[in-house]
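Undergrad: My questions all concern the structure below.
The values are calculated or read from the model by the stated rules, or taken from the named source; none is laboratory data. A quick note: this is a predicted structure, and the numbers were derived from the prediction, not measured. FYI the Cβ positions are ideal-geometry reconstructions off the backbone, even for glycines, and counts take in every protein chain you see. Side chains included, ligands, DNA and RNA excluded: accessible areas come from the protein's heavy atoms. Shrake-Rupley method; radii C 1.70, N 1.55, O 1.52, S 1.80 Å.
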Amino acid sequence: MAGEVRAEPYYAFELKKGGLSQCLTAIAQTANVFISADSRLIADKSCSGFTLRLSAEQALARVVTEAGLRYQQVGEAHFVIQSDKRSTGEPGAPTEIRLTFSLPDIHTALFTPLPDWQEATSQSSGITQSLKQTPQTVSLVDPRAFQSFNQTDLGEVLRASPGIYSTSNAITGNREFRARGNLLNPFLVDGQPFAESNFAVSELDAVYFDFFEINRGTNGIQQDNGVNSASVNLLPKSASDSLFLDLSAGYGELLSRRLSADLGGALLAPSGLTGRLVMVEQKQQDAAEHSRNLRSGGYGRLTWLLNDATTLDFYHIEQHDKQLERSKIRPLLYADLSPYDGPLSTNFWPSWSGGAQRLAFSHLLLERQLNLVWRARLSLSKARQKSAMLFQEFDSFPDRQSLSLTYWAMQQDLYYKADKTVLSVDGELELYSLPVNISLTASSTYSRSLQHLNEMDYQGQLVMQPGSFKVLNRDQPAPDSVLASYINDLRVKVDSIKLASLIRLSESTQISASVRRNHSQYAADSSIFFGETDKDKSQYNNLYLGISQAIGDIQLYASYTDIVDFRSGYLSMLNIGLLPTRHISTELGIKADFWQRQGQFSLSAYQSRPQKFGLAPDLTYANQDGWEAEFRYQGQAMQVNMAYARRHSQQPMDNISVQFPDTLYRANLGYALPWTRLNMALGAAIEGESRQHYLLRTFIDSNRVEVTQPASWRLNAYCKWQINGDSALTLSVKNVLDKGYFDGVDLVRGWAAYGAPRQVAITFDQHF
């Protein structure tokens, strides 16, 4: 009987020209194998390097043969480098064992492994390099680390991520995100924008993605604006060549149910076709106990290795969300200029909204290895977003117990699409004997956002139980009478060419440089202001420079960015064209490894100096200064992740209604219980923000009053039981202490939304 044929996995090797020891280490880390070699045997050997998709043994054979050596395989994943002089009878030399830094099984069973920033790569600087060597603040977040806390939405994961501040939108209930004091938009999938609205993406499920790459700082290299904030690049799950099936089922107080499935494996194995399929279905309600929010979504991916040099990859993400009813109970910060009573007071008024949303993203990639060092890539992407929403505005003031209100409502339909084509060529050459990585990218993006707004006549009445969230009686029919209609149509076309390079001055010193030139065409039609049409053409450059210096286990870096952003100087909703804004930012930082790379620490300081061209009082960005720190550790029985961000603004933003939190802190702790026979782990997470100050309009005139949202923090926890190698049961508790806190302030009406109270959920995971 023939034995079982095991498909040999292939890896994308990117070996740089240098010493043989360096290439062997890169092969071991990429393929997760062990390579043993006598240091004296390979000390004077070199490696020419290559960028190919090969098996571990093929890559090893290539570099070893080039060096005039041979290897012997011992077991499935252990190779011994030997001299090729077998006929001389020379005695074997002592062996030095070189091990990869893979995590023990106990970590992968109980904890989500923390990504190693020397092995993980980023394109934040415009060229592929390791996270540790990237001269910017970059965090790689694994969504699986938050699943134990029952945090599965993109909004929930980002809320607890380093340097990201989020608040609940007062109208929709979705989240909006900021970093370093400025709004974060757009969001990217594999570097391509996929949604127009900052609020819409918070509902996107995290189950489709392997990692979230959070790049904080002025980032016009990746996206078409220069605001000093952050970009979030979502990296979808890759196709798998080994067959597996993961099932997950969850149930909780506010989470009525959650089901997800993740299936991967080889398709038509001899043809090199692999696939991945992820599906999710969820029903939940919000804290007001009057909601039925449904979600269904899927992600499919096919990767076809046409030959050793050509790869074809396609994936599609689609998700549908429907709010059958959404009722938020919110306390007034003030009514008739009277101060609010505080948490759980009787000073409430309700908001009702219902709607639906569809997000879809498709991506096609053709990759061709031209030779040993040069590669060409062609990618096509399509993003679609369609949403319908209904929300109210009030015309009268509520009393403190019996709420009888008159409203007018707003109905919004949004249609958004973005198409992008990217052609890139990258490789390596020598410049005055220095190895230089080059990436040349040409792209064309077209996006359109079409918004329909209807003013509706609406009346509602309800009675609430004093001192609680409970609604005793409510009568809130949907409005059906249209008072007025408006249309906003925004069209943007951006043609871009980018040149990025990575120059290695030595083994420990490298310079990153990127230059991007954009030609943009902008058109806006709006029926709000006399139905005028505005068109604009603009050309601008983005410049990025960074230097990184290694000193042992420490990496020092500095970066400078100079970007002119014409879109930040344009108010599309109001059809007002303004001159562009220039953003200049610098950053200094240090990244260090501790305890044989089990611990990672980063510290960075930044500043941003926007400059106006002409008068743009409503678009002034404040000078930003601050610093951020992050520490991560993973031992045999403990996993720690802590982050702290402190922001200083040197000038007040009088024209902005909200001053963002000066301080953000995040802490995650996981601890295995080694003294028990059960394979269990406990986890806790703290998220918090300092107090915030708002300037809100009064009900009487256009003057503004200052309202302070107090500082708040929440404690989340979980207990995970690894029943066996394939089964796990998790009990999670959000807001363990049941703290009452504000989760967002409406800047027009002057009321705030309460955050969710304590809630418990249980999840069962099964791997096949």
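Undergrad: Scan segment 117-150 residue by residue and report those that are closer than 18 Å to L15 by Cα, at pLDDT 85 or above and charged (D, E, K, R).
TA: Within segment 117-150, just K132 meets the criteria.
Undergrad: Next up: Considering only residues that are at pLDDT 90 or above and more than 23 Å from the chain's Cα centre (by Cα), which ones fall in segment 408-426?
TA: L423, S424, V425, D426
Undergrad: Can you pull out every residue in segment 113-136 that is outside any loop (DSSP other than H, G, I, E, B) and more than 16 Å from the chain's Cα centre (by Cα)?
TA: Passing the criteria: Q129, S130.
Undergrad: Then there is this: I need every pair where a residue in segment 467-494 that is modelled with pLDDT under 60 and surrounded by 16 or more Cβ atoms within 10 Å (Cβ to Cβ) has its Cβ under 8 Å from the Cβ of a residue that is part of a strand (DSSP E or B) and aliphatic (A, V, I, L, M), sequence separation at least 6 or different chains.
TA: Filtered contacts from segment 467-494: V471/I329; V471/L462; V471/V463; V471/M464; Q476/L462.
Undergrad: Mind checking whether some residue in segment 679-687 is surrounded by fewer than 16 Cβ atoms within 10 Å (Cβ to Cβ), modelled with pLDDT of 75 or more and over 30 Å from Y557 (Cβ atoms)?
TA: yes
Undergrad: Would you call G354 open to solvent by less than 50 Å² (accessible area, probe 1.4 Å), part of a strand (DSSP E or B), within 27 Å of G755 (Cβ to Cβ) and modelled with pLDDT under 85?
TA: It is true that G354 is open to solvent by less than 50 Å² (accessible area, probe 1.4 Å), part of a strand (DSSP E or B), within 27 Å of G755 (Cβ to Cβ) and modelled with pLDDT under 85.
Undergrad: Applying the selection to segment 255-273, what residues are in contact (Cβ under 8 Å) with a residue 24 or more places away in the chain, among the hydrophobic types (A, V, I, L, M, F, W, C) and either closer than 29 Å to N293 by Cβ or surrounded by 14 or more Cβ atoms within 10 Å (Cβ to Cβ) (or both)?
TA: Once the filter is applied, which keeps residues that are in contact (Cβ under 8 Å) with a residue 24 or more places away in the chain, among the hydrophobic types (A, V, I, L, M, F, W, C) and either closer than 29 Å to N293 by Cβ or surrounded by 14 or more Cβ atoms within 10 Å (Cβ to Cβ) (or both), segment 255-273 yields L255, A266, L267, L273.
Undergrad: Restricting to segment 41-56, and then to whatever is assigned to a loop (DSSP other than H, G, I, E, B), modelled with pLDDT of 80 or more and among the small types (G, A, S), can you tell me which residue is surrounded by the most Cβ atoms within 10 Å (Cβ to Cβ)?
TA: It comes out as G49.
Undergrad: Go through T100, T167 for me and flag whichever is surrounded by 22 or more Cβ atoms within 10 Å (Cβ to Cβ) and either assigned to a strand (DSSP E or B) or at pLDDT below 80 (or both).
TA: T167
Undergrad: Evaluate segment 177-187: report whether one residue or more is touching a helix residue (DSSP H, G or I) at 6+ places or on another chain (Cβ under 6 Å), outside any strand (DSSP E or B) and modelled with pLDDT of 85 or more.
TA: No: segment 177-187 contains no residue that is touching a helix residue (DSSP H, G or I) at 6+ places or on another chain (Cβ under 6 Å), outside any strand (DSSP E or B) and modelled with pLDDT of 85 or more.
Undergrad: Can you tell me which residues in segment 22-40 are open to solvent by 40 Å² or more (accessible area, probe 1.4 Å) and at pLDDT 80 or above?
TA: Of segment 22-40, the ones open to solvent by 40 Å² or more (accessible area, probe 1.4 Å) are 22, 25, 29-30, 32, 34, 39-40.
Result: Q22, T25, Q29, T30, N32, F34.
Undergrad: Say we look at segment 702-717 and pick out the residues that are more than 30 Å from V640 (Cα to Cα) and open to solvent by 70 Å² or more (accessible area, probe 1.4 Å); which of these is modelled with the lowest pLDDT?
TA: S702
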